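To start, the structure under review is shown below, and the notes come after it.
The values are calculated or read from the model by the stated rules, or taken from the named source; none is laboratory data. Just so you know, these numbers come straight off a predicted model, no measurement behind them. Don't worry about glycine lacking a Cβ; one is built from the backbone with ideal geometry, like all the others, and counts go over all protein chains shown. The protein model used for the area step is the full one, side chains on, heavy atoms only, and it has no ligands, DNA or RNA in it. Shrake-Rupley method; radii C 1.70, N 1.55, O 1.52, S 1.80 Å.
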Amino acid sequence: MLHSFHLALLPPAVTLRTLRRGPRAAGLRHAECFPLMRLGSPVLSVERMQLRRLAMFAEWEDESALERFLATDDLGRRLDAGWHVRLQYLRRYGEVAALAGLPVQAGRSDPAEPIVAVTLARLKLFELPRFLKWGRPVERLVASHPGATFATAAMRPPHTFSTFTIWRSVREMTDMVHGRSAVPQAHTHNVAMAEQHRRDFHHESAFMRFRPLAEHGTWEGRTLLP
């Protein structure tokens, strides 16, 4: 099993078609596609739905299935011209039905090694005001955190939300999660999680950790792994 996360610049029509139909390929177990949004951007702005920027998170039977998709599929070739990282799954907190086959823990990580975090959630639409109230301060915290080498978020209407972050180390990520970072408003994530536990924002959600194996291409002129 292999996971991957992709970023690509696409014509809006291709993004809309991909959101409507989704990718199909031999060896592709599951994929989630989203238009990107900029972390911390105003709620009512074009930065919240960037149709020219597509993200895809995918689970594959093996690396050869990913290679075939990138070489032979129309969407795959477009994604191959962008950036992607290949990922080894380590553990999850929570669960989403589409990825229910993932064990709670499949491996351990060193506190000093780089880590990739992916959140996938199905939002309760009537909880959107609470989600924005408590979530946007966390967006700002993560977007400006010195331990994160890259952070983005994406939402696919009507209710699927995802975040993708790359951290210099597991320790810096967990310090952020638990409010131990020496940054302004370090408690923000802790407070939001307490509110989430009090009354869940989502129908289902999972926070997943991955070891980055290799990155391919560049995004906005640069590589993203530390």
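If I filter the stretch 94-113 for residues that are open to solvent by 50 Å² or more (accessible area, probe 1.4 Å) and touching a Ser or Thr at 6+ places or on another chain (Cβ under 7 Å), do I get at least one hit? Yes, the stretch 94-113 has at least one match. Inside the stretch 14-45, can you point out the residues that are at pLDDT 95 or above and loosely packed, with under 13 Cβ neighbours inside 10 Å? Residue satisfying the conditions is Ala26 alone.
Kindly indicate whether Trp219 is surrounded by 16 or more Cβ atoms within 10 Å (Cβ to Cβ), out of contact with any Ser or Thr (no Cβ under 9 Å at 6 or more places or on another chain) and at pLDDT 90 or above.
Working: surrounded by 16 or more Cβ atoms within 10 Å (Cβ to Cβ): yes; out of contact with any Ser or Thr (no Cβ under 9 Å at 6 or more places or on another chain): yes; at pLDDT 90 or above: yes.
Here the answer is yes, as Trp219 does meet what is asked.
Does at least one position in the stretch 69-91 carry a residue that is touching a Gly at 6+ places or on another chain (Cβ under 6 Å), assigned to a strand (DSSP E or B) and open to solvent by less than 20 Å² (accessible area, probe 1.4 Å)? Yes; the residues of the stretch 69-91 include at least one that is touching a Gly at 6+ places or on another chain (Cβ under 6 Å), assigned to a strand (DSSP E or B) and open to solvent by less than 20 Å² (accessible area, probe 1.4 Å).
Scanning the stretch 49-58 turns up no residue that is over 20 Å from Phe164 (Cα atoms) and in contact with a strand residue (DSSP E or B) (Cβ under 7 Å, 6 or more places away or on another chain). Across the stretch 145-161, the number of residues qualifying as in contact with a Leu (Cβ under 9 Å, 6 or more places away or on another chain) and either surrounded by fewer than 19 Cβ atoms within 10 Å (Cβ to Cβ) or β-branched (Val, Ile, Thr) (or both) comes to 8. Listed by first and then second residue, the pairs with beta-carbon distance under 9 Å, at least 6 apart or on different chains, first residue in the stretch 142-166 and over 21 Å from Thr15 (Cα atoms), second aromatic (Phe, Trp, Tyr) and open to solvent by 20 Å² or more (accessible area, probe 1.4 Å), are Thr165/Phe150; Ile166/Phe150. Take the conditions (1) assigned to a loop (DSSP other than H, G, I, E, B); (2) out of contact with any Phe, Trp or Tyr (no Cβ under 8 Å at 6 or more places or on another chain); Ala25 misses just one of them, which is (2). In the stretch 162-176, what residues are open to solvent by 20 Å² or more (accessible area, probe 1.4 Å) and either under 22 Å from Glu32 (Cβ atoms) or modelled with pLDDT under 90 (or both)? Listed by number, the list holds a single entry, Thr163.
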